[in-house]
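Quick notes on the structure that follows.
The values are calculated or read from the model by the stated rules, or taken from the named source; none is laboratory data. Not measured: the values here are computed from a predicted model. Ideal geometry is used to build each Cβ from the backbone, glycine not excepted, and the neighbour counts take in all protein chains shown. Accessible surface is based on the protein model in full, side chains and every heavy atom, while ligands, DNA and RNA are left aside. Shrake-Rupley method; radii C 1.70, N 1.55, O 1.52, S 1.80 Å.
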Amino acid sequence: MARALYIHWPFCAKKCPYCDFNSHVREQVEMGAWQDALIADMRAEAEVAGGDKLASIFFGGGTPSLMPPALVAALLNEAERLWGFDPAIEITLEANPSSVEAANFAALAGAGVNRVSLGVQSLDDAELRFLGRLHGAEEALAALDMAQAHFRRVSFDLIYALPGHTPDLWHERLTRALSFGTGHLSLYQLTIEPGTRFASDVRRGRLTPLDDDAAGELFDITQELTEAAGLPAYETSNHARPGEESRHNLVYWRYHDYCGIGPGAHGRRGGAATVRHKKPENFLRSVRERGDGITETRLLTRNEQATEALLMGLRLGEGIDLAAMESRFGLLRADLVDTAALARLMALDLMWQQGGRIGVLPKGRPLLDALLAEVVADGLVAA
């Protein structure tokens with residue numbers, strides 16, 4: 001099976017108040033040292049996870065568009081040397097839509113990047129300030145134009161269900177977003193993550209999130225508009241024209257193996273979970289002293305793997321093939337799912353079953369976490 005490679009770039013110009021990703025602000029970043037460390041980490045990973053050619057590479061962060069294009073090119077050249085590339089490889093880079101970073105799009109495309117994911121987040125200047133973004137709406141639209149001129153495939157992110165969002169407002173915003181013609185959109189409801197500035201603001205009474213019913217109404221509008229525009233949800237928060245789905249993220253959701261390098265990167269290979277050091281300085285030290293950035297490699301039990309595969313696969317519109325899971329993990333269907341709970345949720349039009357495949361219906365997607373808690377077999381999670 002073709003492999004996927006995730007490369008984490010941990011640096012940002014500013015930490016956003018809603019973000020709980022492994023991102024760090026540093027006054028200076030020594031690019032030469034980071035190139036050497038990431039290549040060393042990549043080589044160490046390839047030694048134990050060699051094999052098929054890469055079908056996908058994803059530069060995530062942090063803000064990978066802050067990487068010099070020459071660094072991106074060096075990492076891609078090394079990845080191709082170590083693994084080889086599938087002829088149809090997808091190479092995605094997450095980018096902030098600032099004019100400075102957009103100026104690098106031509107060089108990034110020349111380095112081999114063929115898909116970009118833009119962190120637009122909003123098309124309203126006041127909302128962008130609320131979200132702590134450094135770009136404005138017009139700057140974002142200019143970057144989107146430039147991205148569409150240089151990359152074969154373009155996606156962008158929006159955050160909705162912000163305080164004050166009404167159905168009419170979100171309908172108007174999403175209709176405008178769909179008019180730009182990208183083949184992929186990632187549409188996330190604002191969630192208050194522990195450890196973020198927004199979490200502190202909620203605790204201190206400075207921020208009141210939209211309530212669940214109001215957010216649910218906006219979710220319904222999201223499904224209706226994207227479906228009508230030909231970009232149905234193929235995952236809870238991701239929408240694409242058929243064939244334009246993120247191949248890299250499908251690797252995660254279908255629970256295939258992937259290599260993860262760089263600070264805080266997770267990986268899955270041969271039934272083992274790998275985790276890299278999160279703090280950039282600790283990552284560099286580990287690579288220097290041990291030859292890789294790994295802080296933990298843990299062999300997952302069969303039940304842990306099956307649980308992860310269920311939790312990830314049920315996020316997808318295509319659902320999961322229980323027969324394939326039985327074969328893959330050597331478990332009975334009753335060991336994987338609570339059949340009584342599944343029947344109850346199907347009767348409520350929250351889940352579906354077709355032969356040996358099960359999935360979550362649109363009505364059930366806003367309740368996904370609760371559904372998963374019910375339908376995944378108790379013994380599987382507890383074991």
Go through the range 76-103 and give me each residue that's at pLDDT below 95 and polar (S, T, N, Q). Asn96, Ser98, Ser99
Which of the residues that make up the range 221-235 are touching a residue at least 60 places away in the same chain (Cβ under 8 Å) and surrounded by fewer than 17 Cβ atoms within 10 Å (Cβ to Cβ)? Pro232
Pairs under 8 Å by beta carbon, first residue touching a residue at least 40 places away in the same chain (Cβ under 8 Å) in the range 77-93, partner among the basic types (Lys, Arg) and surrounded by fewer than 17 Cβ atoms within 10 Å (Cβ to Cβ), six or more apart or different chains? Leu82/Arg43; Trp83/Lys53; Asp86/Lys53
Mind checking whether some residue in the range 297-315 is under 21 Å from Leu368 (Cα atoms), of a type in the set (Asp, Glu) and in contact with a strand residue (DSSP E or B) (Cβ under 7 Å, 6 or more places away or on another chain)? no
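Would you mention how many residues in the range 273-310 are small (Gly, Ala, Ser) and farther than 15 Å from Met42 by Cβ? Steps first, answer last, please.
Filtering the range 273-310 for residues small (Gly, Ala, Ser) gives 273, 286, 291, 293, 306, 309.
When the remaining residues are screened for being farther than 15 Å from Met42 by Cβ, the result is 273, 306, 309.
Here the count works out to 3.
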Against the condition out of contact with any helix residue (DSSP H, G or I) (no Cβ under 7 Å at 6 or more places or on another chain), open to solvent by 50 Å² or more (accessible area, probe 1.4 Å) and among the acidic types (Asp, Glu), how does Glu217 come out, does it pass? no
Taking Leu162 as meeting all but one of (1) of a type in the set (A, V, I, L, M, F, W, C); (2) within 21 Å of Gly60 (Cα to Cα); (3) assigned to a loop (DSSP other than H, G, I, E, B), write down the number of the exception. (2)
Return yes when Val202 is open to solvent by 40 Å² or more (accessible area, probe 1.4 Å), of a type in the set (A, V, I, L, M, F, W, C) and part of a helix (DSSP H, G or I) and no when it is not. yes
For the subset of the range 236-257 comprising residues that are of a type outside the set (A, V, I, L, M), modelled with pLDDT of 95 or more and open to solvent by less than 30 Å² (accessible area, probe 1.4 Å), which member is nearest to Arg3 (Cα to Cα)? His248
In the range 331-351, residues that are touching a Gly at 6+ places or on another chain (Cβ under 7 Å) and either open to solvent by 80 Å² or more (accessible area, probe 1.4 Å) or not in a helix (DSSP H, G or I) (or both) total 2
Positions within the range 30-47 being of a type in the set (Asp, Glu) and closer than 11 Å to Arg276 by Cβ, in sequence order: Asp41, Glu45
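Going residue by residue through the range 309-330, is there one that turns out to be open to solvent by less than 20 Å² (accessible area, probe 1.4 Å), more than 24 Å from Ile7 (Cα to Cα), part of a helix (DSSP H, G or I) and in contact (Cβ under 8 Å) with a residue 60 or more places away in the chain?
We begin by selecting, within the range 309-330, every residue open to solvent by less than 20 Å² (accessible area, probe 1.4 Å); these are 309-310, 313-314, 316, 319-320, 322, 325, 329.
Retained after the next criterion (residues that are more than 24 Å from Ile7 (Cα to Cα)): 310, 314, 319-320, 322, 325, 329.
Subset that is part of a helix (DSSP H, G or I): 310, 322, 325, 329.
Then keep just the ones that are in contact (Cβ under 8 Å) with a residue 60 or more places away in the chain; that gives 310.
Yes, some residue in the range 309-330 is open to solvent by less than 20 Å² (accessible area, probe 1.4 Å), more than 24 Å from Ile7 (Cα to Cα), part of a helix (DSSP H, G or I) and in contact (Cβ under 8 Å) with a residue 60 or more places away in the chain.
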Tally up the residues in the range 197-235 that are modelled with pLDDT of 95 or more and among the polar types (S, T, N, Q), please. 3
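If I ask for residues that are assigned to a strand (DSSP E or B) and open to solvent by less than 10 Å² (accessible area, probe 1.4 Å), which ones from the range 352-378 would you list?
The initial filter retains those residues of the range 352-378 that are assigned to a strand (DSSP E or B), namely 352-354, 357-360, 376.
Across the range 352-378, the qualifying residues are Ile358, Gly359, Val360, Val376.
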Would it be correct to say that Leu54 is under 23 Å from Thr274 (Cα atoms) and without any contact (Cβ under 8 Å) to a residue 60 or more places away in the chain? yes
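Output the number of residues of the range 11-32 satisfying the condition of being assigned to a helix (DSSP H, G or I) and either closer than 24 Å to Gly84 by Cβ or open to solvent by less than 40 Å² (accessible area, probe 1.4 Å) (or both). Break it down stepwise before answering.
Step one: of the range 11-32, the residues assigned to a helix (DSSP H, G or I) are 31-32.
From what's left, either closer than 24 Å to Gly84 by Cβ or open to solvent by less than 40 Å² (accessible area, probe 1.4 Å) (or both): 32.
Going through the range 11-32 one residue at a time, the tally reaches 1.
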Is there any pair with a first residue in the range 1-25 that is among the basic types (Lys, Arg) and a second that is open to solvent by less than 40 Å² (accessible area, probe 1.4 Å) and in a loop (DSSP other than H, G, I, E, B) whose Cβ atoms are under 7 Å apart and which are 6 or more apart or on different chains, and what are they? Lys14/Gly132; Lys15/Ser23
Please go through the range 248-278 and pick out each residue that is of a type in the set (Lys, Arg), touching a helix residue (DSSP H, G or I) at 6+ places or on another chain (Cβ under 9 Å) and assigned to a loop (DSSP other than H, G, I, E, B). Arg254
Taking the conditions exactly as written (loosely packed, with under 15 Cβ neighbours inside 10 Å and either touching a residue at least 24 places away in the same chain (Cβ under 8 Å) or under 23 Å from Thr92 (Cβ atoms) (or both)), does Pro263 satisfy them or not? no
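Check every one of the helices (runs of 4 or more DSSP H) wholly within the range 40-113 and list those with 1 or more residues that are over 23 Å from the mean Cα position of the chain (by Cα), of a type in the set (Lys, Arg) and surrounded by fewer than 21 Cβ atoms within 10 Å (Cβ to Cβ).
Numbers: elements: 69-83, 99-102, 105-111.
Qualifying helices (runs of 4 or more DSSP H): 69-83.
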Which residues, taken from the range 155-174, are open to solvent by 10 Å² or more (accessible area, probe 1.4 Å) and of a type in the set (A, V, I, L, M, F, W, C)? Ile159, Leu169
